[in-house]
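What follows is a set of notes on a single structure, which appears directly below.
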Amino acid sequence: YLSIKRRGHVKEILRNWPQKDVRFICVTDGGRILGLGDLGANGMGIPIGKLQLYTAAAAVPPQALLPMYLDAGTNNEELLQDPLYLGLRERRPSTADLYSFVDEFMEAVQEVFPNCCVHFEDWTGVDAVHLLERYRDRYCIYNDDVQGTAGITLAGMINSTKLKGTKLKDERYLFLGAGSAGIGLANLLCSALVQQGMSLKDAQ
């Protein structure tokens, strides 16, 4: 758990973790948990559950995994008024303040856990896409909503066209909503269509 109120102390907080060889951190800000929306600190179960899959499906030792919640508040009024809510009782900050907090977190991770990949999970759609673009050329990162969902969905599309005897560029696609998963799939699908000979303009 890291609160935006502890900016300037992120490295020392990470160094308190007893395991010194963390290979994967799954981190959320609770901004868009599943289809439930802004759950703030109540979304902490998501990075825990996702990292259990690393062990169950890929045999990654659990001691190499670290689930994290970056608490930058919540805009969920019900949670802000709930006396049992455990998170920061403030509304979410400006984008610049949030990204500054995440910048410090990413820099601290590289120093404290240099072999670590950071898995972003269930951030709001805009933040998910922008943070992936912000860090993808500097750090080892992964966004399951943007990249993982897109990859498995595109694999299904490719195999369905093989069964039909068609190509991706022969099909029409309908996207319901523009969350991080939809945006990630649209971008990946466009890349696949370009590989099949379409121009990027036609693919879009």
Exercise. If Leu51 passes every condition in (1) more than 22 Å from Asp137 (Cβ to Cβ); (2) surrounded by 15 or more Cβ atoms within 10 Å (Cβ to Cβ); (3) over 16 Å from the mean Cα position of the chain (by Cα) but one, which one does it miss?
Worked result: (3)
Exercise. Is it the case that some residue within the stretch 10-25 is within 16 Å of the chain's Cα centre (by Cα), touching a residue at least 60 places away in the same chain (Cβ under 8 Å) and part of a strand (DSSP E or B)?
Worked result: yes
Problem set entry | Candidate set from the stretch 71-99 (those that are of a type in the set (A, V, I, L, M, F, W, C) and not in a loop (DSSP other than H, G, I, E, B)); member that is farthest from the chain's Cα centre (by Cα) | Leu80
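Values quoted throughout were computed directly from the atomic coordinates according to the rules given, and no laboratory measurement underlies them. Given the structure is predicted, the values throughout are model-derived calculations rather than measurements. So basically every Cβ, Gly included, is an ideal-geometry build from the backbone, and we count neighbours across all protein chains shown.
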